[in-house]
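None of the figures in this text is laboratory data; all of them are computed from the coordinates on show. Here the structure is a predicted model, which is why all the values come from computation and not from measurement. Methodologically, a virtual Cβ is constructed for each residue, glycine included, from the backbone with ideal geometry; neighbour enumeration extends over all protein chains shown.
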């Protein structure tokens, strides 16, 4: 209350599990943790945030009682010495009891030290601000129809956001199988900014030959190739359209477009490998799949923070929170905009259904289904690899039939991802999007003090959670059945029982004779009523049940942190120096 009265904007979390999600989502200017003798394990939450790509530059202040201050200071110093990397910020402590003025001063000093005091934001003109504020209220009014809300959001959006004619024309050219480089070149020549961007990329070191500089658009298109020109044109136009306005929700455009670009590349490759004759449509559909999020964040100051607050508090899917609070999701809005802008119908439908695997598998004709399946799978893989950010980090099971349609029955291979990352690095460089080093394969040695077994039963051999855990540095073994006896190196068992399997069968093996103290953590991912999800009443235990629709990887990693008693950080390959 004191900080609120001092004009600070506060996001609260009742426990460390929710705090991990909210801090990662909102990326606050400072994280303050109240740590008592009963919750000393929460220091692991601070370590997890300290090593996270999103929050490692966020200062951390722990409020502790005198009885545990020395113990925590020792633990912090030990953990800080593990990595002598100056890019990680150090912890700060203040001791109970304290004077509020001292806490306030401490916060101000920390913020000033790390340059985290945000500048005053430019306010929009009063008329536009009032109109958007009035529309915000309508979005959360259950008595107003979905169609009315989508129409009014679009009308407000069109006052300052018009989709580039050049890109719409380029999409028409892409959709026509008889199109050629000449037509695309003519389209680009009509737009000075698009021409400048394509010429700039075509003259980069990667494409330049014998120092011959290109000044002709047609020649630039030939040098880049029809496919690459189209991809760059779409990316450049859309990135220009999506500059941040309020920036108070932790939803940065850099991470949004890195995620979208990753989905685009994966979707295009899935289409190509499965024999889909127009893989370029997969790229555009993947790039645009989250388009509807931009106007919700750009035009309305309070909409995105409220949606993200509900999403992280309930450890829920972002699109489902949108549906619950507004009656429509970003997929509905993106589809509505795509139709107004006359995008190809196949792309519009892929945007609409990218969170609906069952709906996708009912789609006909088969080619449209392949396109939509590629975007759905690409979205799950991009989340698992934490490439960019997408408002939640819930990874979902991919139906066996979908993997067969895409001709990847065993899932995404290392070779597949290596190709994707190579293309992503190239495009990210041209678009000035910073890439992080990635771990494609798991370590051959022990991780922390144990390894993970993933029991997938008769499901498909691939689940994005395995990819996510390996990307986080864990050694994961995939098996069909829960082992009767665990080998000494196995410390965590994650199981996805069949839907029809009774709970007493799942628990039977735990009634057998066993050691006095179990040293294996068992996580069961089950399909149960979301309102009764165990994630809402988390307790320290060696057995937990998680709702598969609430399987946010930030939450799962925090559970593992608390079980192992340390934060597992994968060894990343060093970043390659940029070539002159």
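The spacing between the range 330-408 and the range 254-318, judged by their C-alpha centroids, is 9 Å.
So how do 43-50, 282-289 stack up, highest first, on mean other-Cβ count within 10 Å? Walk me through the numbers on the way to the answer.
Values: 43-50: 23.6, 282-289: 28.6.
Going by the mean number of other Cβ atoms within 10 Å, highest first, we get 282-289, 43-50.
Taking a ≥ b ≥ c as the square roots of the eigenvalues of the Cα gyration tensor, the range 313-384 is oblate, since a/c reaches 1.5 or more and a/b is not larger than b/c. Fully extending the segment from residue 56 to residue 151 would add 30.2 nm, taking 0.36 nm per residue of separation and subtracting the current Cα-Cα distance. Length gained on full extension, residue 14 to residue 414: 140.1 nm, using 0.36 nm per residue less the C-alpha separation. The label point for residue 94 and the one for residue 1, both projected 7 Å from the Cα toward the Cβ, are 1.7 nm apart.
What FRET efficiency would be calculated for the residue pair residue 182, residue 366, taking the C-beta separation as r and a Förster radius of 35 Å, to the nearest 0.05? Intermediate results must be reported in sequence, preceding the final value.
On the way: r = 32 Å, r/R0 = 0.91.
Efficiency computed from Cβ-Cβ geometry: 0.65.
May I ask you to order 323-336, 254-267 by the average number of other C-beta atoms within 10 Å around their residues, highest value first? Mind dumping the intermediate values first?
Numbers: 323-336: 21.6, 254-267: 25.2.
Result, highest mean first: 254-267, 323-336.
As a proxy for reagent exposure, ranking 71, 383 by other Cβ atoms within 10 Å from fewest up yields 71, 383. Net length available on complete extension from residue 103 to residue 358 is 86.6 nm, with 0.36 nm assigned per residue and the Cα-Cα distance removed.
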